[in-house]
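Single-structure report; data block below.
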Amino acid sequence: MLNFKKLDFTFDPVKLQEALKQVNAIVEFPKILVEKTPMKKEIYINSDKICHQLCLTKRNHKEFEYTELIPEFRETYFKDVYEKISAWAKTHDCLLGRARLRLSHPYTCLSWHQDDQPNIHIPIITNKSSRIVIEDEMLHMPAGEVWFANVTERHTQFNAGHNERIHLVVS
């Protein structure tokens, strides 16, 4: 595969799901998106009918400048994950910063698009009917695996399954 590379380390799916529960206890993601619950200014969300995202790092002007975890999330397993991904990026000449949780609803698909830089995907909750497509390559990512994805090429993501899909994405 040209546009996907499985990295040589994984994260514990149970710990990832526990960290997700901790985040939910803080901001009730994605309920916060539906109910427009007031929250701290530094906690950034983006939402539409297909996909929701909650940023775990402090908002900045450029993707790779989102390098500081929001204080409320520093006591979760996501801190360890972010530190390991950041260390990997430094040894592989990658600029990574923004970390966010991306939730895709069942039976949804993003339009073809291109991003400015590659990213890392760590599935937390997934199903066999959830895939990422980059150009002519399609991949299902199992929970806990770590994947480098060249999303500077045309790509999409779909969740044809019955359940939500949540990935930690770092770019």
What does the net charge come to around Q114 if you take all other residues with beta carbon closer than 9 Å to its beta carbon, with K and R at +1 and D and E at -1? -2
Given the Cα-Cα distance of W112 and K84 and 0.36 nm per residue of separation, how much length would full extension add, in nm? 7.1 nm
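Tell me which chymotrypsin sites (Phe, Trp or Tyr not before Pro) from region 78-116 have a DSSP coil assignment and no more than 15 other beta carbons within 10 Å of their own.
Counting only loop positions with at most 15 other Cβ atoms within 10 Å, the chymotrypsin sites (Phe, Trp or Tyr not before Pro) in region 78-116 are Y107, W112.
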If H92, H167, H162 are ordered by their accessible area, calculated over protein heavy atoms with a 1.4 Å probe, which sequence runs from highest to lowest? H162, H92, H167
Would you mind listing how long region 72-123 runs along its three principal axes, going by Cα atoms, in whole Å with the largest first? 34, 27, 16
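Rg to Rh for region 71-171: what is it, with Cα atoms only and Rh by Kirkwood?
0.96
The values are calculated or read from the model by the stated rules, or taken from the named source; none is laboratory data. Given the structure is predicted, the values throughout are model-derived calculations rather than measurements. Backbone-built Cβ (ideal geometry, glycine too); neighbour counts: all protein chains shown. Side chains are part of the model used for accessible areas, which takes the heavy atoms of the whole protein and leaves out ligands, DNA and RNA. Shrake-Rupley method; radii C 1.70, N 1.55, O 1.52, S 1.80 Å.
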